[in-house]
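The values are calculated or read from the model by the stated rules, or taken from the named source; none is laboratory data. Remember, it's a predicted structure, so these values are computed and weren't measured experimentally. When we count neighbours, we look across all protein chains shown, and the Cβ atoms used for this are built from the backbone with ideal geometry, even at glycine.
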Amino acid sequence: MKARIWRKLHAEEAKRFDQVYELMGQTPGLSLGDAFGILQSGLTVQEFMARKERSQRKAAIKQARGQVDNALVADFLGAFIEQKTELSVVLAERSLLDTLLSEEAIAFTFERTGRLEKLQVVLIARRGDWERLMPLLERDAKLTQKPAQVARQPDKRPYSDPRPFLPHIGQTVKLTLRNGITVSAPLLRVGRFDVLLGEPGHELFIPLHALLRFEAPPAPADDADDDDADEPKPDAAS
């Protein structure tokens, strides 16, 4: 069928193709699929590409989390539930004393507090451990007065990909949390969403969403370049 005849029989579709090719001509590097997507969505080129980039970042974070074994961190929380351990639950501007009853994907349930969204939690520790450690901690004065907010979208947080932390297991690291608390302790375990710091039997549970800065120990002179390359950096989306 000749193109002229096809265009008469399929006028609307032909018009869309004309718009697509016009858009591609105006936007160097734009693919045919993206051009169709822009027309169908009604977004500008900039808006569509930004949305596409966000979707790609979300998919990358989901894939990264899936590559990390979460069993050890899950077992750690499970032991708190089973043993009815009295815990200090540190939030942005206050702390709670409570007992963990259950864990869901997005929330904890405590005996006295009830259901608490995980994004509110900055740190969990055994009560005795936290009471001994708390007076010794460094604090960022500005963050103590005004804690940083947690973005609901993982791709907009400073740290969401757990994989770069794995090479530092066993090393003493320094974490600055969103409420200004700074913790320097050995990195014991890395899960999909959280890390464990401290000594066995005296661990601190810290969600990655509560983390603003991560510092690894100074690298030995001979291996400085290699170790610096491995140090976790804030996610590119932050």
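The table for this structure:
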| read-out | value |
| --- | --- |
| Some residue of segment 67-86 being among the charged types (D, E, K, R), under 13 Å from F205 (Cα atoms) and either outside the structural domain of I206 (by TED's automatic domain parsing) or outside any loop (DSSP other than H, G, I, E, B) (or both) | yes |
| Test for F110: is it surrounded by 14 or more Cβ atoms within 10 Å (Cβ to Cβ), aromatic (F, W, Y) and at pLDDT 90 or above | yes |
| Residue check, P154 within 10 Å of the chain's Cα centre (by Cα) and within 17 Å of P234 (Cβ to Cβ) | yes |
| Filter result (surrounded by fewer than 11 Cβ atoms within 10 Å (Cβ to Cβ) and outside any helix (DSSP H, G or I)) within segment 21-64 | P28, G29, S31, G42, T44 |
| Condition check for D194: acidic (D, E), modelled with pLDDT under 95 and under 24 Å from N70 (Cα atoms) | no |
| Hits in segment 121-151 (condition: surrounded by 13 or more Cβ atoms within 10 Å (Cβ to Cβ) and within 21 Å of the chain's Cα centre (by Cα)) | V121, V122, L123, I124, A125, L143, P147, A148, V150, A151 |
| Filter result (touching a Pro at 6+ places or on another chain (Cβ under 9 Å), closer than 21 Å to L72 by Cβ and surrounded by fewer than 20 Cβ atoms within 10 Å (Cβ to Cβ)) within segment 173-191 | L188 |
| Identity of the residue in segment 4-56, over 30 Å from Q153 (Cα atoms) and β-branched (V, I, T), that ends up modelled with the lowest pLDDT | I5 |
| Filtered residue count, segment 175-214, keeping only those that are in contact (Cβ under 8 Å) with a residue 40 or more places away in the chain and not in a strand (DSSP E or B) | 9 |
| Any hit, segment 108-120, residues being of a type in the set (A, V, I, L, M), closer than 30 Å to K52 by Cβ and under 15 Å from the mean Cα position of the chain (by Cα) | yes |
